[in-house]
Each structure stands twice: as structure tokens, then as C-alpha cells.
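The values are calculated or read from the model by the stated rules, or taken from the named source; none is laboratory data. Predicted model, so just to flag it, every value in this text is computed and none were measured. Here the Cβ positions follow ideal geometry from the backbone for every residue, glycine too, while neighbour counts run over all protein chains shown.
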Amino acid sequence: MATNNFREKANFIWSIADLLRGHYKQADYGKVILPFTVLRRLDTLLQPTRKDVIAAFQKHKDKKPEVLEFILNKAARAKFHNRSQFDFAELARDHNNIANYLRHYINGFSLSVREIIEYFSFEDQIKKLDEYDLLYMMDY
């Protein structure tokens, strides 16, 4: 089972690299692959508690941000959460709005995760991928 999980992750990474050929220099693949890999991994980890986090967010969304962070992390049973209505599977459902949906998804993460994604300057890659009409082709 662990071998299948490893292959699935490797296939995900290679599928992204295949899409980038011709649009990115090979040395720049990491600017896309690394943030997508991190996002995909976090999405997988949060999947079991996703509904609990969204329910907690709906119930407590008027609380102070620092209180809300604590509540949502507790609902996620992790030190981070995502309160977005989107997950990776739902991002690609609307080709015309995928860039906006991905931004909304990223903004739904807890502050610590958003800081990591900002460190990657991923917004630049979202714009570029959307411009090349590749964003919807990522293997979510």
C-alpha cells in the first residue's frame, strides 16, 4: 500500500512537470511543483475533518481571528486548517474560474499555511499558469 501511495505522489509530480514543458524552463518547474505538492499534501491530510472545520467556521465566523484560528485548528485536529468550501477535487470544476477558486482555497488556510504559500510567491505562478491556460489541467 505504501508503494502505491508513493507512486501516486510521484505520478502527481510528473504530471505537473509534463504540463510545464514548453512554457517553463526546466529549472523553474519547482516554482510550480513544490507549492502544488505542499497544497495537495495538506488537502489530503485535512480531508477527513473538512466538514467539521466548515461547520465550526459557520458557527464561529464572527469571533476574533486568533480565537477562530484556535477553534478551526481544533476542529481539524491539526495545527492548521482550511475553511474554504473548495478542496482539490472541486477546484477544477469550472475552467473559467479556477484561478479565483484556487486563490479562495489558499486564503481558506490558516495563517501559518498562507505564509508558507506566500513564501513560494505562488500568486505569480497562478497568474502565469492561468495565462497559459494550464491551471485547469493540473492533476488535482
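Key figures
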read-out: Residue check for Phe80: at pLDDT 90 or above, assigned to a loop (DSSP other than H, G, I, E, B) and surrounded by 13 or more Cβ atoms within 10 Å (Cβ to Cβ); value: yes
read-out: The stretch 131-140: number of residues that are assigned to a helix (DSSP H, G or I) and surrounded by 15 or more Cβ atoms within 10 Å (Cβ to Cβ); value: 3
read-out: Residue within the stretch 3-24 that is surrounded by fewer than 18 Cβ atoms within 10 Å (Cβ to Cβ), over 26 Å from Tyr132 (Cβ atoms), of a type in the set (Phe, Trp, Tyr) and without any contact (Cβ under 8 Å) to a residue 12 or more places away in the chain present; value: yes
read-out: Options Arg93, Arg40: the member that is on the phi < 0 side of the Ramachandran plot, under 19 Å from the mean Cα position of the chain (by Cα), crowded, with 16+ Cβ neighbours inside 10 Å and not hydrophobic (A, V, I, L, M, F, W, C); value: Arg40
read-out: Count of the stretch 87-130 residues which are outside any helix (DSSP H, G or I) and either out of contact with any His (no Cβ under 6 Å at 6 or more places or on another chain) or among the aliphatic types (A, V, I, L, M) (or both); value: 8
